[in-house]
Every structure is written in C-alpha cells, then in structure tokens.
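J.: First the structure, then my questions, so here it is.
The values are calculated or read from the model by the stated rules, or taken from the named source; none is laboratory data. These numbers come from a predicted model, not from an experiment. Neighbour counts are summed over all protein chains in view; Cβ atoms, including those assigned to glycine, are modelled from backbone coordinates with ideal geometry.
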There are 2 protein chains.
Amino acid sequence: MKEGPDIARIGTLIGDPARANMLTALMGGQALTATELAQAASVSLQTASSHLSKLQDGGLITQRKQGRHRYFALADAAAGSLLESIMGFAASRGHLRQRPGPKDPALRKARVCYDHLAGDYGVRILDSFIAREVIETDGENLAVTESGRQAISELGIDLEKLAPSRRPLCKSCLDWSERRSHLAGTLGKALFQHFLDNGWARRSSESRAVLFTPEGERRFLSLFPL
Amino acid sequence: MKEGPDIARIGTLIGDPARANMLTALMGGQALTATELAQAASVSLQTASSHLSKLQDGGLITQRKQGRHRYFALADAAAGSLLESIMGFAASRGHLRQRPGPKDPALRKARVCYDHLAGDYGVRILDSFIAREVIETDGENLAVTESGRQAISELGIDLEKLAPSRRPLCKSCLDWSERRSHLAGTLGKALFQHFLDNGWARRSSESRAVLFTPEGERRFLSLFPL
DNA sequence: TTCATACTTCGATCCTAACCGAAGCATCCA
DNA sequence: TGGATGCTTCGGTTAGGATCGAAGTATGAA
C-alpha cells in the first residue's frame, strides 16, 4: 500500500500546534515576517524558522525577501482552500481550541478568511444572495444566476474581470463560528476588497477581525438584506 | 491566538504514516476489519487498534460491531471529501510516496475513490460530460445542464432520486494519477454503482482497482465518448 | 567601519507518541 | 465446557522531532 499522494506529509505539517497557529495566522491573507509568526505561535525565533522552512518545503507557504525582512504567505489559493476545508471539518466534529466560536465578539461578527469575509457578516452575504436569487445552490456548489449578474454589477463588481481567473467564481466555505457557509472564491474576495477599497471596513492590526466604519456598517446592511 | 477550529488535531491524525495508510485503504469505500487495516498499514494488531481508536475519537472513522469482527469505515462523505482534498493538494505539490501515479496499470486505469470512479476512466466520464455539455463548469464548480438531465436519465440514473441528498450532486475531485479532475458527488457515486449493479465492473479484492468485464468495457467506452 | 536588526544553522536536551509483548475480554464454534 | 479467533488494554522501550541557547550570515543604519 505505498501508492498515491503522501497525505501523511501534509498532515504532519499541519499537525504541529506551532505550525497550525502560523498557518491560521496566515489565513488572515497578509504576508507576515518570521518574527510575527513566531509570536503568533508562541515559540522562539529559532523554532519558528525551522517550522517555516518545513512549511515551505511542503509547498504550503512561500517567502519573499524584502530588505532584511522575510515575508511569509500562504503559497496560493489552493493552500488557503485546503486549510479552509480542514477548519470546516474540524469545526464540524467539534474540535475547537476553546468554546465553540471565537471568544472575541468582533471576530464572531466579521473576520478575514484568507481573502474573503467570514463570521456573521460573511454568512449574511451568502444568505442574502441566496434569498434574493443572486446565487443558486444545489447544496454545496454555488453559481451566479442570470438576474444575479445584474445585481452584482450594481454593487460595483465587474464580473467580466473576475471570470478569467482559474479560481472558481463562487465557492462556499464552512464557517466555524456560525457553523454555516459563507461566500468564498473570487467573488467573495472581490466583495471584501470592495469594502476595503472604499474605506468602509479595515483589517484589525492585532487579529483577523474586520472593523466596519458606521458608514460601512450601514451600507453593508442595506446592500445585503435578509 | 487560541481561537478557532483545532486543525492541528486533524493534521496529527492524518500525519502518522500508519494512520494515513489506513485512511487511504478506507478510501476504497468498503468497511474493513482491524486486522485488515493493520496489514494495510504494516503494523501489529495492537498498534492498529490504538490508531483506530484515535481516528474514531477524532471523528474520521466509525466502527460497527458484527459478531466478533469490528468493521471500520470512513465516518461520512465529509471525511472522504477531506481526504480527497488533501490527496489532491499533496499530488499538486508533488508529494507522492513513489513515482508519480500508481505503479499498477490497473489502478491507473480505474480505481475507487471512496464511492466513485477515479483514474483514467474516472477522468474520462467528466471529460465526456463536459464535451457533450451534459455538465458545465466555471473552473471548479460543476452543474448539470438542462439538456444534460435528459442524457443522464438515458444512462439509467434517476436524478430526482439523487437530488434530495444533502451532498452536492456533482463535484470535481482532483485525480492524483491523471492530475486532472474526475466526477465525484452523488452523481459520480450513482454512475459507479450503476456499473457495479449491472455486473459490468467489480472491485478488486486486493486493491482499490476496479476491474471491467469485456461487456462493461465496451459499454463504458460507448456511453462516455470523447 | 561598526553596530543593530532579522533571520538561519548547529548542537544538545527533552518529551511525546509510536511500537510491540503480554495479558485480558468478547464472540463464535465444536 | 474448552478452545480458537478477533480485538483491546497495559506497560515498558525507543526513536523522532520540537524546543531553545549559542554561534553564524545577511542587510541596513550610523
């Protein structure tokens, strides 16, 4: 039975708590330095360095040198998806590191999931789209409807520009705080980016939380009614 | 950073080579006894027993007592999907346990992937469906087209009966021998079952290979032209 | 040049968990 | 009832790898 892909190698990489913490931190979507990742994982810089080179060898992360810093980020969207899958599965089996759902209310409300919005607000986007038939679903797969294309362009998103990407346009991602699906894929990313670009929301500097301005909050709730 | 799902726990479970071998064996879709799984993983029965209880605690597998045997199987389709994701990712990064693709030509040609067909033949089904517009895709998500519903019912599959399932109807699954996608989901399962039910194919007793009868081979090639 | 910062490599320690022998429990068969 | 099979539990050993101190390399600042 020595056929096939080496899933044990990927498992081992993700199976160490320090590495898992680093990967979780990188799910924030931003590149982080070795020092920052060492703090995120609560290990020394030497230990972090060793972990990072293993993650890189395994193809989960990439590094970019910039001056005397080295920035580490998830290798690509596939790596992000993989971690999302595992998070969803772990959450579905009740494997949480503390109580169900994030303790911090801000994280529960809205947080970054690699490159799109998760938490209460993330789930709301998908719920609203499905209720208004912007997106249709067969249980897991998502597709934009004809009438939905119109609605999305009215939000200020150019679907034509997103289409050429090799990543799927919409994808569902199991939310571990809400235990329901939210919108991932290039559309999910574009919507999140749209809110950042307009200054309606920003990333928290300490955690994966996303903070909305009062103006952004108002817009969000009216753009995604239930 | 102690928020969120415990991905390290899942990673650790999958990260041990013996457990990974057991899970890979269970991807064949059939329930296996502890003794069989011990052989698959090349460990003693005691060691296997310990691994199996860990996998069960982690929610990856279930056991069913039957007389003096205990049959172990993947917990559900979600567990199968998770393993598929990881296999796909591992293969995409070139993490293979030997040379790329299965050594055994029969495995390359057709094998079981939890509950549907993989390998050359598995990829062919999806290729054929897409070429004939039975299924449409946006890169990763799959959906049956209107005209496709007709074609599928002509194959002898009742789509209405598959629809109520909570699992997605069609799903792509990265094939590690072909490095391309094949058809998973309830439709993929139903098609595979259809071939088994009609006696056109059967599972190999030793491996995950699927063996076609000459009659089954002929039918397969004509039902799924390229 | 010199010092400081950011990170890697080396080496030694220590701890977890995989492993198996032996014994125990449960089920089936004769 | 006795013995065989299938599996689990217990206990002790061992190996792999996570960890960090110390030393080494690279970049930037003074």
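J.: Limited to the range B:20-65, what total is found for residues that are within 12 Å of chain A (Cβ to nearest Cβ), part of a helix (DSSP H, G or I), within 13 Å of DNA strand C (Cβ to nearest atom) and of a type in the set (Val, Ile, Thr)?
T.: 0
J.: Quickly run through the range A:3-16 and pick out the residues that are within 14 Å of DNA strand C (Cβ to nearest atom) and either modelled with pLDDT under 95 or of a type in the set (S, T, N, Q) (or both).
T.: Residue satisfying the conditions is A:12 alone.
J.: Quick check on the range B:152-169. Is at least one of its residues of a type in the set (S, T, N, Q) and under 15 Å from residue B:120 (Cα atoms)? It would help to see each step written out before you state the result.
T.: Within the range B:152-169, the first condition is being of a type in the set (S, T, N, Q), and the residues that meet it are B:153, B:165.
After this cut, where a residue has to be under 15 Å from residue B:120 (Cα atoms) as well, the list is none.
There is no residue in the range B:152-169 that is of a type in the set (S, T, N, Q) and under 15 Å from residue B:120 (Cα atoms).
J.: Which numbered condition trips up residue A:115, out of (1) buried (at least 20 other Cβ atoms within 10 Å of the Cβ); (2) not polar (S, T, N, Q); (3) not assigned by TED's automatic domain parsing to the domain that holds residue A:186?
T.: (3)
J.: Being without any contact (Cβ under 8 Å) to a residue 60 or more places away in the chain and either surrounded by 15 or more Cβ atoms within 10 Å (Cβ to Cβ) or closer than 18 Å to residue A:4 by Cα (or both) is true for just one of B:169, B:221. Which residue is that?
T.: Testing whether each residue is without any contact (Cβ under 8 Å) to a residue 60 or more places away in the chain and either surrounded by 15 or more Cβ atoms within 10 Å (Cβ to Cβ) or closer than 18 Å to residue A:4 by Cα (or both) leaves just B:169.
J.: If you go through the range B:72-88 one residue at a time, do you hit one that is within 10 Å of DNA strand D (Cβ to nearest atom), surrounded by fewer than 18 Cβ atoms within 10 Å (Cβ to Cβ) and among the aromatic types (Phe, Trp, Tyr)?
T.: Narrowing the range B:72-88 to residues within 10 Å of DNA strand D (Cβ to nearest atom): B:72.
If we keep only those that are surrounded by fewer than 18 Cβ atoms within 10 Å (Cβ to Cβ) too, we end up with none.
Among the residues of the range B:72-88, not one is within 10 Å of DNA strand D (Cβ to nearest atom), surrounded by fewer than 18 Cβ atoms within 10 Å (Cβ to Cβ) and among the aromatic types (Phe, Trp, Tyr), which makes the answer no.
J.: Separate question: Pick from the range A:184-200 the residues that are touching a helix residue (DSSP H, G or I) at 6+ places or on another chain (Cβ under 7 Å) and under 13 Å from residue A:110 (Cβ atoms): which of them is surrounded by the fewest Cβ atoms within 10 Å (Cβ to Cβ)?
T.: Ranking the candidates gives A:200 first.
J.: Next question. Hey, can you tell me all the residues within the range A:66-82 that are free of Cβ contacts under 8 Å to residues at least 40 places away in the same chain and either within 11 Å of DNA strand C (Cβ to nearest atom) or away from every other protein chain (no Cβ under 14 Å) (or both)?
T.: Once the filter is applied, which keeps residues that are free of Cβ contacts under 8 Å to residues at least 40 places away in the same chain and either within 11 Å of DNA strand C (Cβ to nearest atom) or away from every other protein chain (no Cβ under 14 Å) (or both), the range A:66-82 yields A:66, A:67, A:68, A:69, A:70.
J.: Considering every residue within the range B:5-21, establish whether at least one is touching a Phe, Trp or Tyr at 6+ places or on another chain (Cβ under 6 Å), without any contact (Cβ under 8 Å) to a residue 40 or more places away in the chain and within 30 Å of residue A:112 (Cβ to Cβ).
T.: Yes, the range B:5-21 contains a residue that is touching a Phe, Trp or Tyr at 6+ places or on another chain (Cβ under 6 Å), without any contact (Cβ under 8 Å) to a residue 40 or more places away in the chain and within 30 Å of residue A:112 (Cβ to Cβ).
J.: Identify, please: which residue in the range B:39-50 is more than 9 Å from DNA strand D (Cβ to nearest atom) and in contact (Cβ under 8 Å) with a residue 12 or more places away in the chain and is, among those, nearest to residue B:19 (Cα to Cα)?
T.: B:41
J.: Conditions: (1) within 12 Å of chain B (Cβ to nearest Cβ); (2) aromatic (Phe, Trp, Tyr); (3) under 15 Å from residue A:23 (Cα atoms). Residue A:114 meets all but one. Number of the miss?
T.: Of (1) within 12 Å of chain B (Cβ to nearest Cβ); (2) aromatic (Phe, Trp, Tyr); (3) under 15 Å from residue A:23 (Cα atoms), only one is false for residue A:114: (1).
J.: Find the residue count for the range B:169-226, including only residues that are aromatic (Phe, Trp, Tyr) and out of contact with any strand residue (DSSP E or B) (no Cβ under 7 Å at 6 or more places or on another chain). Give the steps one after another, and end with the answer.
T.: Of the range B:169-226, the ones aromatic (Phe, Trp, Tyr) are B:176, B:192, B:195, B:200, B:212, B:220, B:224.
Of the ones still in play, those that are also out of contact with any strand residue (DSSP E or B) (no Cβ under 7 Å at 6 or more places or on another chain) are B:224.
So the answer is 1.
J.: Another question, if that's okay. With respect to residue A:94, is the statement that it is part of a loop (DSSP other than H, G, I, E, B), touching a residue at least 60 places away in the same chain (Cβ under 8 Å) and away from DNA strand C (no atom under 11 Å from the Cβ) true?
T.: So residue A:94 fails the test.
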